[in-house]
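The values are calculated or read from the model by the stated rules, or taken from the named source; none is laboratory data. Computed from a predicted structure; not experimentally measured. Neighbour counts run over all protein chains shown; Cβ positions are idealised from the backbone, glycine included. Ligands, DNA and RNA are excluded from the accessible area calculation, which covers all protein heavy atoms including side chains. Shrake-Rupley method; radii C 1.70, N 1.55, O 1.52, S 1.80 Å.
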Amino acid sequence: MMSLVMRRTAAIYAFAERQFILTKRYMVWEIVYVLYSLANVLAIGFMGAGVQNLMGSKANTQHLILYLLTGSLLWGYLAVIFWEISNIISWERWEGTIEYTFMAPVSRATHIFGVCTYAVIYSLIRTAIMLAIVALFFHLDMAKANLWGAFVVLSVANFSFIGLGTVVAVLPLISPEKGSQMTGIVEGVLLLVSGIYYDISVLPHWMQSISMLSPATYALQGMRRALLNGDSVTQLWNVIWPLIVIGAILVPLGLFVFGKAEVYCKKTGKLKRNG
Amino acid sequence: MSEPAIRLVSDEISTGERPSGLLALEIEGLTKTFRKDSKDKNVKPSGIRKLLPKAKTLSRVVDSVSFSVKPGEVFGVLGPNGSGKSTLIRIISTLLLPDEGVARVFGHDVMKEPDTVRRMLSRVSADAAFFRRLSAMENLIHTARLYSIPQKTAIERIKMILERLEMSGEKLETPMLHLSRGMQQKVAITRAFIILPDLLLLDEPTTGLDPKSKREVQKFIRELKERDGSTVLLTTHDMEEAEVLCDRIAILNSGKIVAIDTPSGLKERYGGESGSLETVFFALAGKTLEELEEDGE
């Protein structure tokens, strides 16, 4: 008899494999999406490069470019993980397959973990491709960068975004039409308060309070300090522990909220095909 | 016709490991009520009232339903649109939580032991839901993996089931959106049988199929009954289908079971002069043919 671990591994692989095949099947969309994101990242990089001409002052252009590109690329990476979970729930609602997924003898944690496993791998590859292309346009000075520190921050940040994505995936589960738009609103708020392109100190005080709750704030601070200043993992601890705490809260909270939403849908009959 | 290489029932059933005397399905006092938008067309909100939530009314879709299905039985639930057939199937499938009552699959409570029940049953609905850009094989292998079925075993079963459904294996690599409605439904049936279910829930499996596909699916269900000893709960509003395929039939009307008997028993009791199941249906559904047509029959 196949052990529980083997069964769960097979199910995680099944969800990851399905996501991979869907990416292949919608390759044109993927190319368009990557090109659009790349154009955005490059535009932001050039914005940094143009500051000196615009302001007429001797700004540290290299530092500014790396600062902006770190924000842009990291946000792209985290947003994909965040988006992928709620997107697949919307998709399953539209296709009507959510009923068959929920009928399968697979726990919700295994289901979500399978989707997230693919999202992390996909987002890493996508970001690496974009970084390689961006590096051709800008002479990025990474001499001081502590890549190990950046990797640790990124790895820990994944959990927070998986948790956040699971919480937000409740929206399309309950309403595929309105849920996707609501996911966009949550993403927009995170973009605004997390200091993707600026230091959060420029935000109004009340917005700074909100930014303290966003895992992206700590992820960005940690990545920038690792890549721009070469901070070690020990020095980065003051951003790593909040990410661990937020992740430790958000992952179980996400599963709990999703579980409650699933029960609500099963009570109200909202799992029926809707599209 | 030669015996199938694989019997399309679970190992516990085919090897006789399932305790004898255990009912395949027991439904006791199942009730489900939904809140629906009020259908009173004469009341049109105006002004600020338009912004307020719409008035809701309670609609009892399944009302104190009780019946049982024996292992190896094909049990039909016949009823007009909106009579509660699909809701009943969804409750047994663990996709809906009832307000009251109990549903047990081979002794396992659907609400208390959903994971155990999920391993025992499969469902085919009128609306075959798949990832449309994925091929039939990709969709089927995905299901097999979720049920921890090795790929080699899954492929063997898929080919064998499709052969019995008279569908060419060449179509397996075709994306679902390029398959006809009939072929999609055959793939849906294959998906249900990959796991060798103890109990198969067929929710209007032939609705919307062309006559040829309909006959092929019906032939397959008949074979399941005769060759595999599968236990099937079949909902339909096709009287001929119910009569040919079902050992017993329950007539569901407005969420309530109004009669349960064998097809011949029902015809004897309610068939009147014509003695047809159609007459039974109209008598027990409490509607005329015209009214049913208005409902979308």
From the list A:Lys267, A:Lys272, which one is part of a loop (DSSP other than H, G, I, E, B), within 27 Å of A:Pro176 (Cα to Cα) and within 14 Å of chain B (Cβ to nearest Cβ)?
A:Lys272
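Taking the stretch A:62-74 as the region of interest, how many residues are out of contact with any Asp or Glu (no Cβ under 6 Å at 6 or more places or on another chain) and open to solvent by 30 Å² or more (accessible area, probe 1.4 Å)? Break it down stepwise before answering.
Step one: filter the stretch A:62-74 for residues out of contact with any Asp or Glu (no Cβ under 6 Å at 6 or more places or on another chain), giving A:63-74.
From the residues that got through so far, the ones that are open to solvent by 30 Å² or more (accessible area, probe 1.4 Å) too are A:63-64, A:67.
Residues flagged as out of contact with any Asp or Glu (no Cβ under 6 Å at 6 or more places or on another chain) and open to solvent by 30 Å² or more (accessible area, probe 1.4 Å) within the stretch A:62-74 amount to 3.
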State whether the residues of the stretch A:83-92 include one that is open to solvent by 10 Å² or more (accessible area, probe 1.4 Å) and on the phi > 0 side of the Ramachandran plot.
no
Say whether the condition of being closer than 21 Å to B:Leu202 by Cβ and in contact with an Asp or Glu (Cβ under 9 Å, 6 or more places away or on another chain) is met by at least one residue in the stretch B:142-162.
no
If the requirement is being within 12 Å of chain A (Cβ to nearest Cβ) and part of a helix (DSSP H, G or I), which of these qualifies: B:Ala144, B:Ala128?
B:Ala144
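Which residue out of B:Met160, B:Met183 is among the hydrophobic types (A, V, I, L, M, F, W, C), touching a Ser or Thr at 6+ places or on another chain (Cβ under 9 Å) and either more than 18 Å from B:Leu121 (Cβ to Cβ) or open to solvent by 10 Å² or more (accessible area, probe 1.4 Å) (or both)? Lay out the reasoning, then the answer.
Values: B:Met160 fails: touching a Ser or Thr at 6+ places or on another chain (Cβ under 9 Å).
None of the others qualify; the one that does is B:Met183.
Quickly run through the stretch B:163-177 and pick out the residues that are touching a helix residue (DSSP H, G or I) at 6+ places or on another chain (Cβ under 7 Å) and either farther than 16 Å from B:Phe131 by Cβ or open to solvent by 50 Å² or more (accessible area, probe 1.4 Å) (or both).
Pass one, the stretch B:163-177, residues touching a helix residue (DSSP H, G or I) at 6+ places or on another chain (Cβ under 7 Å): B:164-167, B:169, B:171-174, B:176.
Scanning the stretch B:163-177 gives B:Arg164, B:Leu165, B:Glu166, B:Met167, B:Gly169, B:Lys171, B:Glu173.
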Can you find a residue in the stretch A:31-48 that is at pLDDT below 90 and open to solvent by less than 40 Å² (accessible area, probe 1.4 Å)?
yes
Taking the stretch A:95-114, which residues are crowded, with 21+ Cβ neighbours inside 10 Å and either away from chain B (no Cβ under 13 Å) or touching a Cys at 6+ places or on another chain (Cβ under 7 Å) (or both)?
A:Ile112
Name the pairs: first residue in the stretch B:237-249 and in contact (Cβ under 8 Å) with a residue 60 or more places away in the chain, second residue surrounded by fewer than 19 Cβ atoms within 10 Å (Cβ to Cβ) and not in a helix (DSSP H, G or I), Cβ to Cβ under 6 Å, at least 6 apart or on different chains?
B:Arg248/B:Thr262
Going by what's in this entry, would A:Val251 be described as within 14 Å of chain B (Cβ to nearest Cβ), part of a helix (DSSP H, G or I) and either at positive phi or not small (Gly, Ala, Ser) (or both)?
no
Could you look through the stretch B:70-94, keep only residues that are modelled with pLDDT under 95, assigned to a loop (DSSP other than H, G, I, E, B) and crowded, with 23+ Cβ neighbours inside 10 Å, and pick out the one that is farthest from the other protein chains (Cβ to nearest Cβ)?
B:Gly79
What is the number of the single condition among (1) surrounded by fewer than 21 Cβ atoms within 10 Å (Cβ to Cβ); (2) part of a helix (DSSP H, G or I); (3) hydrophobic (A, V, I, L, M, F, W, C) that B:Leu224 does not meet?
(1)
Looking at the stretch A:162-202, which of its residues are part of a loop (DSSP other than H, G, I, E, B) and open to solvent by less than 20 Å² (accessible area, probe 1.4 Å)?
A:Ala169, A:Ser194, A:Gly195, A:Ile196
Would you be able to tell me the number of residues in the stretch B:272-284 that are farther than 18 Å from B:Leu252 by Cβ and of a type outside the set (S, T, N, Q)?
3
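Looking only at the stretch B:103-118, decide whether some residue is facing chain A (nearest Cβ under 7 Å), in contact with a helix residue (DSSP H, G or I) (Cβ under 9 Å, 6 or more places away or on another chain) and not in a strand (DSSP E or B). Quick ask: steps written out before the conclusion?
Quick first cut of the stretch B:103-118, residues facing chain A (nearest Cβ under 7 Å) only: B:115, B:118.
Filter again for in contact with a helix residue (DSSP H, G or I) (Cβ under 9 Å, 6 or more places away or on another chain), leaving B:118.
In the following step, the residues that additionally are not in a strand (DSSP E or B) were identified as B:118.
For the stretch B:103-118, residues facing chain A (nearest Cβ under 7 Å), in contact with a helix residue (DSSP H, G or I) (Cβ under 9 Å, 6 or more places away or on another chain) and not in a strand (DSSP E or B): present.
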